1. Quick check: is even one residue across the stretch 169-183 part of a helix (DSSP H, G or I), in contact with a His (Cβ under 9 Å, 6 or more places away or on another chain) and modelled with pLDDT under 85?
2. Taking Ile22, is it modelled with pLDDT of 90 or more, under 27 Å from Gln244 (Cα atoms), surrounded by 19 or more Cβ atoms within 10 Å (Cβ to Cβ) and touching a helix residue (DSSP H, G or I) at 6+ places or on another chain (Cβ under 8 Å)?
3. Considering only the stretch 52-146, give the strands (runs of 3 or more DSSP E) lying wholly within it that have at least 1 residues that are modelled with pLDDT under 80 and either under 18 Å from the mean Cα position of the chain (by Cα) or among the β-branched types (Val, Ile, Thr) (or both).
4. Every residue in the stretch 25-49 that is crowded, with 16+ Cβ neighbours inside 10 Å, modelled with pLDDT of 65 or more and of a type in the set (A, V, I, L, M, F, W, C), please.
5. Under the condition of being among the small types (Gly, Ala, Ser) and touching a residue at least 24 places away in the same chain (Cβ under 8 Å), which residue from the stretch 207-235 is nearest to Leu247 (Cα to Cα)?
Amino acid sequence: MERIDLASSLSRANVDYLDSSIALVSDIRRIRETASDAILMENYLAVIVLNGSAALCVGENEICVQRGDVFVCKPSNILARSMLSMDLEVRGIVVAKDMVDMLMREANVNWTVRMMSTSHDVVHVDEAEMRRLCLFYDLLRDKLNASPSPRKHLSLRALLVAFVNEFIEVMEANERTVPSANHSSAEYLFERFVQLLEDPRQPFVSVKGYADLLHVTPKYFSSVCKRLSGKTANEIICEEVVRQAKLMLRDNSLSIKQIAERLNFANQSHFGTFFRRHTGVSPYGFRMS
């Protein structure tokens, strides 16, 4: 399995623009040709399908997209077994997580609950919405590739924030799911929990452990998680541990003992019991499958 970041695999493909924070891609076939069959995304990916169709596997889910669809995938998801039609035409944007976080703050948008509830989104947009999204893509491409100037950085920042607002407006209009722009204290707490959960430097801990890190009681912490996500804190933690375990088990360079240690299990046996309880198979059985 290959990890896709903005500095390695994409540099081998024919992209419209590429730096350490953002990449613009219109020829997705070139990426398919230069990457392996299983790709671990380390950034956010948004794809606008202008023509044709594609079928791909995201984690353990199979999805199909066609003309007028917008597909969004968050980091730490595996894209695999893609099938692309001969007439496929897309506009793809890959953005580093740090930049997405910054743009969300500047646009005053909180999608933390949304991104916890699903690893990917597919919505269908109308012709006018697709035309506006493509217009932003063209503006970004032209500005990013333009010669340096004193105000280029400020213009790009404003353009990116405007694009984020337009993109979210399109997604919300078609899903009828509108996250609140006004952050409550509970939403800030949940957002901080998600940041801790996804921080590779922070080992997974218990519900009480996360509550202590967030300086709240376990009861209040659990009630916030249930109210905002529909899941208990323990369910969220276990789902993320299982997801990370599956990612690591696909990497044959890591032993099962090493994976158990990285996921903060007391030993390999405890990890095996946990994994089998939540997936129905042993870590070794999952790796072999």
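The values are calculated or read from the model by the stated rules, or taken from the named source; none is laboratory data. Because the structure is a prediction, the values reported are computed rather than measured. Ideal geometry is used to build each Cβ from the backbone, glycine not excepted, and the neighbour counts take in all protein chains shown.
1. Yes: one or more hits.
2. Taking the combined requirement at face value, the residue satisfies it.
3. 53-58, 61-66, 78-84, 120-124
4. Val25, Ile28, Ile39, Leu40, Met41, Leu45, Ala46, Val47, Ile48, Val49
5. In this case the residue turns out to be Ala233.
Residue-by-condition table, conditions (1) touching a helix residue (DSSP H, G or I) at 6+ places or on another chain (Cβ under 9 Å); (2) under 24 Å from Val194 (Cβ atoms); (3) surrounded by 15 or more Cβ atoms within 10 Å (Cβ to Cβ); (4) of a type outside the set (Val, Ile, Thr):
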site	(1), (2), (3), (4)
Glu239	yes, yes, no, yes
His270	yes, no, no, yes
Phe275	yes, yes, yes, yes
Thr279	yes, yes, no, no
Tyr284	yes, no, no, yes
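This table checks each residue for (1) more than 30 Å from Ser185 (Cβ to Cβ); (2) modelled with pLDDT of 90 or more.
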site	(1), (2)
Arg243	no, no
Thr273	yes, yes
His278	yes, yes
Pro283	yes, yes
Ser289	yes, no
